[in-house]
Amino acid sequence: MSIVHILFDIIHPAHINFYKNLVQRLDREGHRITMLYLQRGAVPRIMREEFGNYAMIPAGKHAKSTLGLYFKTGLLRTLSLACKIARLRPDASFTVAGFQTDFLSRIFRYKSISAYDDPGHINFTLSRRFAHRFVLPDCLQFTGQNIIPFKGLKEWAYLSPTYFRPDIDTLQPYDLKPKDYIFIRNVDTGTLNYRSQTEDIILQLYTLGLNRQNVVLSLEDKDKRKLFSEWLILDEPVPDIHSLMFYSRLVLANGDSMAREAAQLGVPSVYCGQRQMPANQLLIDMDIMRHITRAEDILQLAERETFDGDSRTQEIRRDELLNTWDDPTEILYHALLDLTQANGK
């Protein structure tokens with residue numbers, strides 16, 4: 001592949017992990033890389049930490065209200081992206097269902113590659129329409145001229161043993177011992193993805209008695225910190241959050257991404273949100289993730305003394321995935337290679 005200018009448009013913290021190994025590979029090959037990012041929560045801080053050596057340009061702000069999401073995060077961000085892309089003139093772009101970047105690729109004549117795993121989201125439909133290549137887990141069962149299916153899920157791009165090695169030293173600053181704590185993720189429900197979740201099941205669990213358990217809490221809305229005063233609350237971004245998850249005895253999340261991450265780390269995983277997704281169902285059918293929404297049932301599970309998440313079981317689960325799933329980073333790289341070669345780059 002000849003040297004090309006590649007644009008990455010990041011709109012969520014999970015997308016940073018998804019693309020970081022691809023970015024490193026392209027950087028080693030000498031390609032020019034520019035990072036655009038949505039000003040949302042911890043995204044700017046994590047971007048500086050992970051991609052501080054590259055050109056980074058803020059593009060748009062995240063809003064919580066429905067009107068703000070469509071106007072500020074939607075229309076105004078599209079205009080902001082258009083101005084920046086007109087100046088940058090990339091050869092190709094990557095995003096995770098960032099339909100605005102995919103749409104603008106048709107206007108400014110660069111090649112767009114997108115990926116996603118949630119067909120219920122409007123961004124999925126729009127990216128499917130505009131992206132030159134749309135990389136999807138094959139469990140979604142979509143076909144089309146621009147669709148590239150792969151076996152597995154997008155979290156495997158950074159959690160595969162090819163890339164991720166747990167570091168037990170990560171536990172020391174928190175005075176934690178392996179398999180002696182529960183890891184909980186409580187997402188902010190003020191987004192399009194989670195707006196239907198009106199009940200805070202994590203808070204229910206806390207008041208029902210889970211406050212007595214040794215819990216590490218990843219709390220997206222830090223304004224709720226006082227509600228969980230008896231738990232250890234992380235100040236994100238943390239250096240190695242996936243090692244904290246890996247060595248926990250149970251991961252409980254009301255957001256689907258971290259529940260899937262835990263399953264792929266081989267840790268007993270419970271998703272307690274309301275969404276029904278093919279990506280989640282794949283892991284449920286494989287019996288490596290549970291979907292439980294009744295607080296009393298989750299509490300009963302969390303209070304068990306032992307789980308099937310010992311180190312040997314984790315190793316077996318992860319080896320099985322490594323032997324049967326594709327590497328999403330390789331899929332993305334070859335999609336870029338095919339597009340840029342076809343374009344004479």
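The values are calculated or read from the model by the stated rules, or taken from the named source; none is laboratory data. Source: prediction; values computed, not measured. Glycine also receives a Cβ, built like all others from the backbone with ideal geometry; neighbour counts cover every protein chain displayed. To get the accessible areas, we keep the full protein, side chains included, count just its heavy atoms, and leave off ligands, DNA and RNA. Shrake-Rupley method; radii C 1.70, N 1.55, O 1.52, S 1.80 Å.
Can you find, within region 91-113, the residue that is nearest to ILE11 (Cα to Cα) among those that are open to solvent by 10 Å² or more (accessible area, probe 1.4 Å) and not aromatic (Phe, Trp, Tyr)? Please lay out each step first, then the result.
Initial filter on region 91-113 (open to solvent by 10 Å² or more (accessible area, probe 1.4 Å)): 91, 99-100, 103, 106-109, 111.
In the following step, the residues that additionally are not aromatic (Phe, Trp, Tyr) were identified as 91, 100, 106-107, 109, 111.
Working: ASP91: 20, GLN100: 11, ARG106: 20, ILE107: 21, ARG109: 22, LYS111: 19 Å.
Checking each candidate, the answer is GLN100.
In this structure, does LEU171 turn out to be assigned to a loop (DSSP other than H, G, I, E, B) and at pLDDT 95 or above?
Values: assigned to a loop (DSSP other than H, G, I, E, B): no; at pLDDT 95 or above: yes.
No, not satisfied.
Note down all Cβ pairs under 6 Å where the first residue falls in region 75-100 and is in contact (Cβ under 8 Å) with a residue 60 or more places away in the chain, the second is hydrophobic (A, V, I, L, M, F, W, C) and open to solvent by 10 Å² or more (accessible area, probe 1.4 Å), and they're at least six residues apart or on different chains.
Qualifying pairs under 6 Å: ILE85/PHE108; GLY98/ILE11.
If you scan region 239-256, which residues turn out to be without any contact (Cβ under 8 Å) to a residue 24 or more places away in the chain and either assigned to a loop (DSSP other than H, G, I, E, B) or acidic (Asp, Glu) (or both)?
Step one: filter region 239-256 for residues without any contact (Cβ under 8 Å) to a residue 24 or more places away in the chain, giving 241.
Matches in region 239-256: none.
Name every residue in region 318-333 that is farther than 17 Å from ALA263 by Cα, out of contact with any Lys or Arg (no Cβ under 8 Å at 6 or more places or on another chain) and in contact (Cβ under 8 Å) with a residue 24 or more places away in the chain, in order of residue number.
The answer is ILE331, LEU332.
List the helices (runs of 4 or more DSSP H) that sit entirely inside region 49-164 and contain at least 3 residues that are under 23 Å from ILE3 (Cα atoms) and out of contact with any Phe, Trp or Tyr (no Cβ under 7 Å at 6 or more places or on another chain). So that I can check it myself, show each step before the final result.
Values: elements: 66-70, 77-88, 99-108, 122-130, 156-159.
In region 49-164, the matching helices (runs of 4 or more DSSP H) lie at 77-88, 99-108.
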